[in-house]
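As structure tokens, the structure follows; a few thoughts come after it.
Where a number appears in this text, it was derived from the coordinates with a stated rule and is not lab data. Model, not experiment: these values are computed from the prediction. All Cβ positions, glycine included, derive from the backbone under ideal geometry; neighbour counts span all protein chains shown.
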Amino acid sequence: MRRVRLLLVLLLPLPLIAASGGPDEGGLVFTDSTEAGGPPHAVLDLDALSATSLDLGDDGSAEVALPFDFGWYGEARSAVTVAADGLLLFSGTPGDVACPGEAADWSGVAVFGDDLGAGTVQVATAGRYPYRAFVTQWQAPHATAGGEGTVQAWLLEGRDEAVVVLADVDFGDPAVDGGASAVIGAQGEAGIGLAWSCDGGLASGSSAWFGPRGERPTADERESDDLQRAWVGESAFQYAGRSLAVGDVDGEGHGDVVVGNPTESQAFILLGGAGAETRGALSDADVWIIDSDDTELSAGMAVADLDGDGLADLALGAPGQDGAARSDVGAVRLLAGGTIGGTRLVDDGDRTLLGDESMRGGAGAALAAGDIDGDGYLDLAIGAPTDDSATTDAGAVYLWTGGSGALTGATVDLATVPRWTGEGLLDGAGSAVAVGDLDG
């Protein structure tokens with residue numbers, strides 16, 4: 001069999017695309033869900049998220065620790081002040097807040113900065129590392145109009161985006177409805193910020209996404225009515241489908257689809273064949289592969305015949321797998337083809353490839369298969385983007401070679417197999433990998 005070469009890919013920042021407003025001098029842009037091609041609008045259920053209520057009363061505020069560091073105008077923030085008058089502040093006081101971009105010295109998000117009366121203010125965390133959201137909800141009457149409104153703010157981990165959600169801003173008085181008397185927008189410091197509105201005209205059921213990146217999907221990009229086949233996740237911030245693989249994992253002669261859900265350390269398998277379901281909820285998938293621990297199982301996936309028995313085997317990366325003495329060393333779980341069905345704990349898999357226990361390498365973040373050594377058996381390239389072999393988080397790719405009996409035997413220590421390492425600090429080599437015959 002012809003030898004193939006290994007391609008190492010680094011994940012780099014993507015360029016900005018058009019936005020509804022900005023950028024300001026700090027590089028912030030925002031997109032409006034009501035515009036053509038705008039981002040999605042959704043309202044999260046705080047009760048389902050086991051929210052915590054803040055006792056702020058009228059015009060009160062409280063500092064709340066964030067569950068993750070949130071980047072705001074290039075500065076990492078670990079806490080935010082939640083104010084009863086619809087504000088999230090990183091600096092300044094509620095009395096400092098004016099229309100974003102003006103001379104007033106404050107930093108944060110004016111979600112619905114107005115004279116709100118005493119109401120219910122709740123905070124919660126949605127999703128799981130590394131894609132969590134810190135959610136704040138204000139459900140309160142307007143101090144002068146009386147009628148109750150509901151707004152939310154989301155601070156998104158990793159993306160450094162702040163989302164303003166106007167669930168209900170109809171208070172029953174034209175002088176305040178739609179934010180007519182409110183300040184709504186984001187600011188980094190005096191004179192640097194973007195206003196969504198400071199004079200009204202906004203509607204209930206709309207959102208604005210503020211952040212340094214313009215890669216927020218648009219409605220046009222999300223349109224899928226013409227695809228006719230859709231399998232969907234079942235909960236907010238599940239991010240099912242972050243990884244995908246296709247192959248005949250049950251040995252029935254039809255292609256099966258493996259859908260990764262690393263947020264919950266699961267993989268769903270949709271079995272192919274005549275009469276196979278082509279749409280629905282992933283909770284109804286034919287096969288579930290589950291890790292009993294929080295390992296980000298399925299972050300990387302590959303379907304390949306690793307032992308040469310004619311059946312496609314399943315490899316599932318688990319970069320959050322802990323070792324005996326160090327966390328997040330990573331692992332790859334191997335399941336033999338033709339044996340996969342029902343609901344199965346990955347602990348019952350056929351073999352484990354465990355990351356180098358001398359470092360938090362995150363082995364299994366990306367996987368690719370191909371005959372790299374030319375012996376006729378498919379091998380695995382295993383990405384470990386936080387490998388420290390060269391320097392801090394330079395990353396690495398391990399080579400595990402397939403062969404007869406590859407899916408049986410003791411756990412493999414990846415510290416003993418060949419690896420390619422990144423060169424520089426924070427290179428993150430192995431964030432993505434691919435195998436193919438590049439030189440012909």
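Return the label of the correct value of Kirkwood radius over Cα pairs in Å, as calculated from the structure shown, out of (i) 23.8; (ii) 24.7; (iii) 22.9.
Step by step, Kirkwood radius over Cα pairs in Å for this structure corresponds to label (i).
If you find the alpha carbon centre of the range 46-103 and of the range 265-294, how far apart are they in angstrom?
Using only Cα atoms, the two centres lie 39 Å from each other.
Please state the relative contact order of the range 20-212 as a whole percent: Cα pairs under 8 Å, 6+ residues apart?
Reported relative contact order: 24 percent.
Taking the highest mean first, how do the peptides 378-387, 110-119, 297-306 order by number of other beta carbon atoms within 10 angstrom per residue?
On the way: 378-387: 28.4, 110-119: 23.6, 297-306: 26.3.
Highest to lowest by the protection proxy: 378-387, 297-306, 110-119.
Using DSSP, restrict attention to beta bridges with both residues in the chain and report what percent are antiparallel, rounded to the nearest 5.
So the antiparallel bridges in the chain amount to around 90 percent.
If Rh is defined by the Kirkwood formula over all Cα pairs and Rg also comes from Cα, what ratio Rg/Rh do you get for the range 65-189?
0.97
Please work out whether the range 231-421 counts as rounded, prolate or oblate from its C-alpha gyration tensor, where a ≥ b ≥ c are the square roots of the eigenvalues and a/c under 1.5 means rounded, while otherwise a/b larger than b/c means prolate and anything else oblate?
oblate
Sorting PHE171, PHE237 on the 10 Å Cβ count, fewest up front, what's the list?
Working: PHE171 23, PHE237 19.
With the fewest neighbours first, PHE171, PHE237 line up as PHE237, PHE171.
Rounded to the nearest 5, what % of the DSSP beta bridges within the range 231-421 are antiparallel ones?
Numbers: 38 of 46 bridges.
The antiparallel proportion sits near 85 percent.
Farthest toward the dipole's positive end in the range 226-269, which of ALA236, VAL249, PHE268, given Cβ charges of +1 (Lys, Arg) and -1 (Asp, Glu) about the Cα centre?
Farthest towards the positive end: ALA236.
So what is the relative contact order for the chain, in percent, with contacts set as C-alpha pairs under 8 Å and at least six apart?
14 percent
Have a look at PHE68, TRP154, GLY22 and report the one farthest towards the positive end of the charge dipole of the range 20-212, computed about the Cα centre with Cβ charges (Lys/Arg +1, Asp/Glu -1).
The Cα lying farthest towards the positive end belongs to PHE68.
Which order do the peptides 120-127, 41-48 take when ranked by the mean count of other beta-carbon atoms within 10 Å per residue, highest first? Don't jump to the answer; show the numbers that get you there.
Working: 120-127: 20.4, 41-48: 14.9.
So the peptides 120-127, 41-48, ranked by packing, come out 120-127, 41-48.
Ranked highest first by average number of other Cβ atoms within 10 Å, how do 148-155, 352-359 line up?
Ranking the peptides 148-155, 352-359 by packing returns 148-155, 352-359.
Can you tell me how the range 327-440 classifies by the Cα gyration tensor, rounded, prolate or oblate, using a/c under 1.5 as the rounded cut?
oblate
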